[in-house]
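Asker: I'd like to ask some things about the structure below.
The values are calculated or read from the model by the stated rules, or taken from the named source; none is laboratory data. Note that the structure is predicted; figures quoted are calculated from it, not measured. Heads up, the Cβs are rebuilt from the backbone with ideal geometry, glycines too, and the neighbour counts pull from every protein chain shown. In case anyone asks, the SASA skips ligands and DNA or RNA and just uses the protein heavy atoms, side chains included. Shrake-Rupley method; radii C 1.70, N 1.55, O 1.52, S 1.80 Å.
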Amino acid sequence: DPDLPSMPVDPRFGNGPDERRIVANTTYRALAEALSKLISFAFYVVLAREVGDASFGVFTFAFVFVTVVTAFANFGQDAVLTREVARDPARIHHYFANTLALKIALALPALLLAILLASALGMEAETRLVVVLLGASVTVEALLATCFGSFLAFERMGSIALVIVCQRLFTTAVAVPLLLGGAGIVTAAGVYLAGAASAFLLACALFFVRVEQPRFRVEPSRWWGLMRAALPVGLGNIFSTTLFRV
């Protein structure tokens, strides 16, 4: 792994490089998850204190609503990409663009239909706007997960850790001063979307510069096979996501 410095072989780890890479990648991800959770905790504490119970409830409802509605965009496609690209790195040219396109094709119509239905049932304008912003955020984060799956296939967990922490830092650093200055949940949702979009662009840049430059050739004929291969993971994801969010 070119991200890691060369090290002398330690007899406790057999041949050395594979074991050290596993330990390093696991450490990167664990530290990033812990740090990002602390940063996100600060964001949600300030959000809840500044906007009040009712508005915080609207934000929470909107996030849960769009996550459940767009559940098919995270149907396990990334697990298939990681498995296949890890077996043959050249397959990144077939899976990367098609996975992104498939997720967009699944998420946007479902989100649009849900928003139209909610509007017809009398959802308030502010809530609809928060739903739209967070719906776009969740969709972008689904695309970001494809970048993470690609990094994972090439064992570049350090890049995943960097993107996760940068996203949480950006969102919290921008949103907290605005909330303390009197901004509401619409602004918070907009900042959340900006953080997700920035993280996706950063992940793409890191992947294209440091790992591989996949060809952007979208082939809808491959989508059904991708969904079929992702079925076992996808069903588990949908059930667990729906149960947890509800």
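Asker: Within the chain, what's the longest stretch lacking trypsin sites (Lys or Arg not before Pro) that sit in DSSP loops with no more than 13 other Cβ atoms inside 10 Å?
Answerer: It works out to 1-214.
Asker: Once you have a ≥ b ≥ c as the square roots of the Cα gyration tensor eigenvalues for segment 105-166, tell me rounded if a/c is under 1.5, and otherwise prolate or oblate according to whether a/b is larger than b/c.
Answerer: oblate
Asker: If I compute solvent accessible area with a 1.4 Å probe over the protein chains, what percent of it on the chain is carbon and sulfur?
Answerer: 68 percent
Asker: Give the accessible area for residue 115 in Å² (nearest 10); use a 1.4 Å probe, count only protein heavy atoms, and leave out ligands, DNA and RNA.
Answerer: Probe radius 1.4 Å; accessible area of residue 115 about 30 Å².
Asker: Report the one residue of 116, 205, 100 whose Cα lies farthest in the direction of the positive end of the charge dipole of the chain (charges on C-beta: Lys and Arg +1, Asp and Glu -1; origin at the Cα centre).
Answerer: Checked the options; the winner is 100.
Asker: Further, regarding this structure: Is the chain best put as rounded, prolate or oblate by its Cα gyration tensor, with a ≥ b ≥ c the root eigenvalues, rounded for a/c under 1.5, and otherwise prolate when a/b is larger than b/c, oblate when not?
Answerer: Note, shape of the chain comes out oblate.
Asker: Residue separation times 0.36 nm, minus the C-alpha to C-alpha distance between residue 218 and residue 173: what's the value?
Answerer: Contour length minus the Cα-Cα distance gives 12.6 nm.
Asker: In nm, to one decimal, how far is the residue 210 label point from the residue 90 one, both placed 7 Å along Cα→Cβ?
Answerer: Inter-label distance under the simple model: 2.7 nm.
Asker: Show that you can apply the helix-only estimate: for the chain, add -39,500 (n - 2.57) for every DSSP H stretch of four or more residues, divide by all residues, and state [θ] at 222 nm to the nearest 500.
Answerer: Per the formula, -28500 deg cm²/dmol.
Asker: Using a 1.4 angstrom probe on the protein heavy atoms only, line up 207, 200 by accessible area, largest first.
Answerer: The ordering from most to least exposed comes out as 200, 207.
Asker: What is the spin-label model distance, in nm, from residue 83 to residue 104 if the labels are put 7 Å beyond Cα along the C-beta direction?
Answerer: It works out to 2.6 nm between the two label points.
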